[in-house]
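A short write-up of the structure that comes next.
The values are calculated or read from the model by the stated rules, or taken from the named source; none is laboratory data. Given the structure is predicted, the values throughout are model-derived calculations rather than measurements. All Cβ positions, even for glycine, are placed from backbone atoms using ideal geometry, and neighbour counts span all protein chains on display.
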Ligand SMILES: [Fe+2]
């Protein structure tokens, strides 16, 4: 006999055989509470250095990637993710190494952490990779990497892979059947306020693939700070003013020393790379202290405020805001 809330064993067995589940037996709204995570460069750098000898043959070079894993999410070893909807990896490319061309249904970007001399070619546009440059490799754009320089180059990849995997729409191609669409050169977008008139209007990503650090710093310097002293710049699709890529929306935050930023919380998620300086972030109940090249997450639902130490700090922030916005699930709150 059932006790009113628990089905009898025979009934439970019948449900299993029929592939159905009793709703009154499940916690429909389990607490999620994804916690923030921090990966220290001091720990990452030796692991990346060792990865070069651990994965030295040409096949391994392409996948010489260390993924930053938050084991709290989904809990499955084979479903690695850094925060909800976004995964972040460090990738190392040594001089004379290449990673062959391919394309896929995931959006990705590369933010250069260390070194220069590598080139990422995206839909036949060669994008030089120097420290702190951001290179887009949007969904279905062909991309390959080559390091013809003399230095080890390390970059941070940021992808919407967890969402694409969750939706079971991962697709990957190596064989190019026709040439990619022809886009104006990145140089054609260098003057603010102008885009070539023949820029294809239906692109789901910026026609500009390389966002050089020098240009971003100049734009930041020209901005007035907000009341909390911080300056927040968005990496825009230069043709539309929207996010740089279809589903990934990126920002650069310059923080004033010793002044906590206005607290906010949001339904979106972010991965931050410390480009310069050091400081700490209050994320819900936790305080993460960070320094140059550290990576940390800003999971949804927590009140967030950053504070830079002496000299200020600059954070690169990659977010899934556009995913939430498209679903009408983006909600932001700011403290008074
Ligand atoms: Fe790729």
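Screening residue 298 against (1) crowded, with 21+ Cβ neighbours inside 10 Å; (2) in contact with a helix residue (DSSP H, G or I) (Cβ under 8 Å, 6 or more places away or on another chain) leaves a single unmet condition, (2). Among the residues of the stretch 255-295 satisfying the criterion of being in a loop (DSSP other than H, G, I, E, B) and free of Cβ contacts under 8 Å to residues at least 60 places away in the same chain, which is nearest to residue 330 (Cα to Cα)? The qualifying residue nearest to residue 330 (Cα to Cα) is 261.
Taking into account only those residues within the stretch 255-280 that are over 23 Å from residue 336 (Cβ atoms) and under 20 Å from the mean Cα position of the chain (by Cα), which is surrounded by the fewest Cβ atoms within 10 Å (Cβ to Cβ)? Step by step, filter the stretch 255-280, then rank; the result is 276.
Just one of (1) part of a loop (DSSP other than H, G, I, E, B); (2) buried (at least 16 other Cβ atoms within 10 Å of the Cβ) fails for residue 307. It is (1). Select from the stretch 128-163 the residues that are more than 14 Å from the ligand (Cβ to nearest atom) and farther than 23 Å from residue 52 by Cβ and write down the one among them that is surrounded by the fewest Cβ atoms within 10 Å (Cβ to Cβ). Looking at the filtered set, the residue picked out is 163. Looking only at residues in the stretch 217-254 that are over 18 Å from the mean Cα position of the chain (by Cα) and assigned to a strand (DSSP E or B), the one that is farthest from residue 193 (Cα to Cα) is 254.
Taking only the stretch 83-96 into account, find how many residues are in a loop (DSSP other than H, G, I, E, B) and either at positive phi or within 15 Å of the ligand (Cβ to nearest atom) (or both). Qualifying residue count, the stretch 83-96: 2. Just give me the residues in the stretch 106-126 being within 23 Å of residue 274 (Cβ to Cβ) and not in a loop (DSSP other than H, G, I, E, B), in sequence order. If the condition is that a residue be within 23 Å of residue 274 (Cβ to Cβ) and not in a loop (DSSP other than H, G, I, E, B), then 108, 109, 110, 111, 112, 113, 114, 118, 120 are the ones that fit. Inspection of the stretch 237-245 finds a residue satisfying the criterion of being within 20 Å of residue 113 (Cα to Cα) and in contact with a strand residue (DSSP E or B) (Cβ under 7 Å, 6 or more places away or on another chain). Within the stretch 105-118, being crowded, with 20+ Cβ neighbours inside 10 Å and either more than 12 Å from the ligand (Cβ to nearest atom) or more than 13 Å from residue 318 (Cβ to Cβ) (or both) holds for 106, 111, 112, 113, 115, 118. Whether a residue is surrounded by 17 or more Cβ atoms within 10 Å (Cβ to Cβ), assigned to a strand (DSSP E or B), modelled with pLDDT under 95 and in contact with a strand residue (DSSP E or B) (Cβ under 6 Å, 6 or more places away or on another chain) was assessed, and residue 99 passes this test. For the stretch 181-198, the set of residues classified as closer than 22 Å to residue 233 by Cβ, more than 25 Å from the chain's Cα centre (by Cα) and surrounded by 13 or more Cβ atoms within 10 Å (Cβ to Cβ) consists of 188, 195, listed by residue number.
All of (1) over 17 Å from residue 159 (Cα atoms); (2) touching a helix residue (DSSP H, G or I) at 6+ places or on another chain (Cβ under 8 Å) hold for residue 118 with one exception: (2). In the stretch 130-143, the residues that are under 9 Å from residue 209 (Cβ atoms) form Cβ pairs under 7 Å with partners that are within 12 Å of the ligand (Cβ to nearest atom) and assigned to a loop (DSSP other than H, G, I, E, B), at six or more places apart or across chains, as follows: 138/107. Within this structure, residue 232 passes the test of being surrounded by fewer than 24 Cβ atoms within 10 Å (Cβ to Cβ), within 26 Å of residue 203 (Cα to Cα) and in contact with a strand residue (DSSP E or B) (Cβ under 7 Å, 6 or more places away or on another chain). The residues of the stretch 137-178 that are touching a helix residue (DSSP H, G or I) at 6+ places or on another chain (Cβ under 8 Å) and part of a helix (DSSP H, G or I) amount to a single one, 163.
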